[in-house]
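Each remark here refers to the structure printed beneath this line.
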Amino acid sequence: MGDKIIVHVENVSKKYCRDLKKSLWYGIRDVWRDATGRTDEGSVLRPYEFWALKDISISLRKGESIGLIGRNGAGKTTLLKLINGLIKPTTGKITIDGTLGALIALGTGFNPILTGRENVKIAGAVLGFSEKQIAESLDEILEFSEMGDFIDAPVKSYSSGMLVRLGFSVAIQMKPDILLVDEVLAVGDLSFAVKCQKKITEYRNGGGSMILVSHGMHNVRFHCDKAIWLDKAEVKEIGKSSDVCDEYELFIGRTGVMQGNEIYFDHDIKIGDVLYPQKGDSSKEFLFEFTVTSGRFVEKPIIVFAIFDVKGQHIISNYSNMDGFWPHFRKGKTHIRLKFDALPLSSGVYSISLVFHENGVGNHLAFLQNRFVFEIQNDESNFGLLRLRPKWDYRAESIA
């Protein structure tokens with residue numbers, strides 16, 4: 001990573017209007033304001049206006065990668081569009097030193113009447129490449145996009161997945177100095193998504209600079225040197241990507257969005273007196289205790305204990321019968337305890353679900369979905385969800 005700044009966003013703000021008629025009127029006034037050199041209305045909100053971005057200042061250095069994270073509506077895509085020049089900032093200044101390749105709303109700039117091949121040539125010209133450079137890259141673009149004979153068909157006949165493949169191929173194969181990526185890693189089929197990941201890694205290893213918008217924290221942790229957390233149009237935190245992603249996931253988990261429901265299929269059963277650590281250390285013991293109050297005898301209950309992360313991804317499931325645990329719920333109260341010597345999870349917020357069956361899976365008694373939320377602290381950096389500790393060994397063979 002060099003010291004040269006190739007993208008400089010300085011005190012940039014962008015506002016929009018919620019009312020169409022007001023927006024048209026404000027647009028006329030803004031044109032007049034710009035023509036006369038007045039700036040008095042640019043920094044204040046008028047009726048029906050709101051800030052999409054407010055006083056944003058960031059810098060991207062050559063060879064660096066920055067991840068933009070935050071909830072929907074925080075201003076991430078708006079910032080990318082400002083940097084790409086698709087829209088103009090209300091106030092502030094953006095300086096770009098290098099060629100831009102944008103993966104924003106892939107394929108929307110293609111002419112539907114023209115063929116894919118013709119659109120590739122036009123897209124390359126728009127990006128500022130010469131006819132010779134486009135010709136040299138054309139074969140690589142077509143090969144990477146896997147379009148086959150469809151490359152000579154009109155773009156209007158393409159599926160959304162085909163548009164994504166072609167748009168990504170154009171942007172990445174032209175090898176721009178700066179790559180702007182907006183959630184492209186989450187679209188397309190699985191095999192192409194893997195190709196995208198590998199191609200971006202190759203681009204980064206070759207010294208490319210990137211600004212990535214993603215709701216996938218694993219992508220930001222893996223591809224980005226630092227992260228910027230946008231919240232309500234403003235910068236909430238800037239720092240090392242893993243640290244900022246950890247804080248963002250903790251924030252999301254603490255807002256209560258994970259809290260689920262309790263559904264009882266058998267009203268003779270009730271779950272209560274649940275005890276577990278609200279905050280735990282990944283290397284320490286984890287105890288989960290609860291009481292089953294039953295109005296009848298349940299001979300062969302099956303208890304499912306499951307843990308999910310903030311995105312709803314299934315981390316683990318323990319079935320009592322598979323673990324060799326065969327309790328009985330007698331009429332009255334039954335106390336159950338699960339003990340883990342450690343929970344080697346990455347730092348973050350997680351939820352626990354409990355499911356109860358009788359005489360086989362499928363005959364539900366109760367379902368407590370994401371009812372119990374807890375935090376895990378893990379002092380070691382980890383790109384995955386689990387931090388396992390294998391025993392390493394090796395064997396070398398010498399050649400005489």
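Overview of values
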| read-out | value |
| --- | --- |
| Subset of segment 150-178 that is among the charged types (D, E, K, R) and at pLDDT below 85 - its residue that is farthest from the chain's Cα centre (by Cα) | 175 |
| Residue list for segment 261-292, restricted to those being under 23 Å from residue 356 (Cβ atoms) and either charged (D, E, K, R) or out of contact with any Phe, Trp or Tyr (no Cβ under 9 Å at 6 or more places or on another chain) (or both) | 262, 266, 267, 268, 270, 273, 289, 291 |
| Pairs, first free of Cβ contacts under 8 Å to residues at least 60 places away in the same chain and of a type outside the set (Ser, Thr, Tyr) in segment 206-223, second assigned to a loop (DSSP other than H, G, I, E, B) and crowded, with 22+ Cβ neighbours inside 10 Å, C-beta under 9 Å, six or more apart | none |
| Subset of segment 316-370 that is in contact with an Asp or Glu (Cβ under 6 Å, 6 or more places away or on another chain) and of a type in the set (A, V, I, L, M) - its residue that is nearest to residue 268 (Cα to Cα) | 365 |
| Among (1) surrounded by fewer than 21 Cβ atoms within 10 Å (Cβ to Cβ); (2) on the phi < 0 side of the Ramachandran plot; (3) modelled with pLDDT of 85 or more, the one test that residue 207 misses | (2) |
| Tally, over segment 309-326, of residues that are closer than 29 Å to residue 375 by Cα and either of a type in the set (S, T, N, Q) or over 24 Å from the mean Cα position of the chain (by Cα) (or both) | 10 |
| Any strands (runs of 3 or more DSSP E) falling wholly within segment 185-287 and containing at least 3 residues that are farther than 30 Å from residue 336 by Cα | 209-213, 226-231, 234-240 |
| Number of the condition not met by residue 9 [criteria: (1) closer than 22 Å to residue 203 by Cβ; (2) part of a loop (DSSP other than H, G, I, E, B); (3) of a type in the set (A, V, I, L, M)] | (2) |
| Any hit, segment 271-288, residues being of a type in the set (Ser, Thr, Tyr), within 23 Å of residue 373 (Cβ to Cβ), surrounded by 13 or more Cβ atoms within 10 Å (Cβ to Cβ) and touching a strand residue (DSSP E or B) at 6+ places or on another chain (Cβ under 9 Å) | yes |
| Index of the failed condition, residue 194 passing every other in (1) within 17 Å of residue 111 (Cβ to Cβ); (2) surrounded by fewer than 20 Cβ atoms within 10 Å (Cβ to Cβ) | (1) |
| Flag if residue 316 is closer than 22 Å to residue 361 by Cα, in contact with a Pro (Cβ under 8 Å, 6 or more places away or on another chain) and outside the structural domain of residue 236 (by TED's automatic domain parsing) | no |
| Residue 230 vs. criteria assigned by TED's automatic domain parsing to the domain that holds residue 71 and either closer than 24 Å to residue 349 by Cα or without any contact (Cβ under 8 Å) to a residue 60 or more places away in the chain (or both) | yes |
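Yes or no, residue by residue, for (1) surrounded by fewer than 20 Cβ atoms within 10 Å (Cβ to Cβ); (2) among the hydroxyl-bearing types (Ser, Thr, Tyr); (3) in contact with a helix residue (DSSP H, G or I) (Cβ under 6 Å, 6 or more places away or on another chain):
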position	(1), (2), (3)
310	no, no, yes
334	yes, yes, no
347	no, yes, yes
361	yes, no, no
365	no, no, no
388	yes, no, no
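The values are calculated or read from the model by the stated rules, or taken from the named source; none is laboratory data. A quick note: this is a predicted structure, and the numbers were derived from the prediction, not measured. Neighbour counts run over all protein chains shown; Cβ positions are idealised from the backbone, glycine included.
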